[in-house]
Amino acid sequence: MKRNTTVYLYELAWILPSIAIPVGMLSALLVTAFGAGIHVPSVAGRVNPATLTETSPFDQLGVVQTGPLRYEVRMIGQIWSFTPNEVRVPVGSTVTFVATSRDVIHGLFIPGANVNVMLIPGQISRVTARFNREGEFFIACHEYCGIAHHTMGGKVIVEPRS
Ligand code: CUA
């Protein structure tokens, strides 16, 4: 009798975490997705790579202020550079990157900021990040795009507020 009880407790000790862990993970997923509004960057539209520079918003590349401390960066990735390859915003800015590729698949990755998307020809990627500290943030292409992939980079310069 006593021995059976011991076996049952060991089983319970395994069964409970195996229920609690998936329930905990699902709860975390639901809270972050619906409570905190954290989503995977999604397709923000389509654009013809052949007529990119005549199509809004890529006919006007660079930084555009959209509100107090809010900026939109319109950016194109191409073999093997970003246009623009230098972006300047004041500290505390919320910056939305609207970007695409002119030729092959590139990546837009900014370590230290919440920016990590693929740039796919024909598809517009949109991702928003907040820059709370001054300094330089490296922009990297993190999708292999050919022989000079490793040279494809840029920077976000976060300046003091004037
Ligand atoms: Cu562009 Cu790697």
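The values are calculated or read from the model by the stated rules, or taken from the named source; none is laboratory data. Remember, it's a predicted structure, so these values are computed and weren't measured experimentally. Positions of Cβ are backbone-derived with ideal geometry, glycine not excepted, and every protein chain shown enters the neighbour counts. When the accessible area is computed, the model is the full protein with side chains, heavy atoms only, and any ligands, DNA or RNA have been set aside. Shrake-Rupley method; radii C 1.70, N 1.55, O 1.52, S 1.80 Å.
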GNM top mover of 23, 43, 104 - the chain, alpha-carbon springs below 10 Å: 23
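So, R0 is 45 Å and r is the distance between the beta-carbons of residue 10 and residue 44; what FRET efficiency does that work out to, to 0.05?
On the way: r = 52 Å, r/R0 = 1.15.
For residue 10 and residue 44, the calculated efficiency is 0.30.
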Among 111, 68, 84: highest mean-square fluctuation, GNM of the chain, C-alpha pairs under 10 Å: 68
Solvent-accessible area of residue 150 with every protein chain in place, 1.4 Å probe, in Å² to the nearest 10: 150 Å²
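Given a 1.4 angstrom probe, I'd like the percentage of the accessible area of the chain that is carbon and sulfur, rounded to a whole number.
Working: 6000 of 9920 Å².
Taking all protein chains in place, the chain shows 60 percent carbon and sulfur surface.
Which longest uninterrupted range of the chain lacks any trypsin sites (Lys or Arg not before Pro) assigned by DSSP to a loop state (not H, G, I, E or B) and surrounded by at most 16 other Cβ atoms within 10 Å?
Numbers: sites that count: 133, 161.
It runs 1-132.
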With eigenvalues of the C-alpha gyration tensor scaled by 5 and rooted, the chain, Å: 43, 20, 15
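If DNA, RNA and ligands are ignored and the probe is 1.4 Å, what is the ranking of 69, 9 by accessible area, most exposed first? All intermediate terms of the calculation are to be shown ahead of the outcome.
Numbers: 69 50, 9 100 Å².
Greatest to least solvent exposure: 9, 69.
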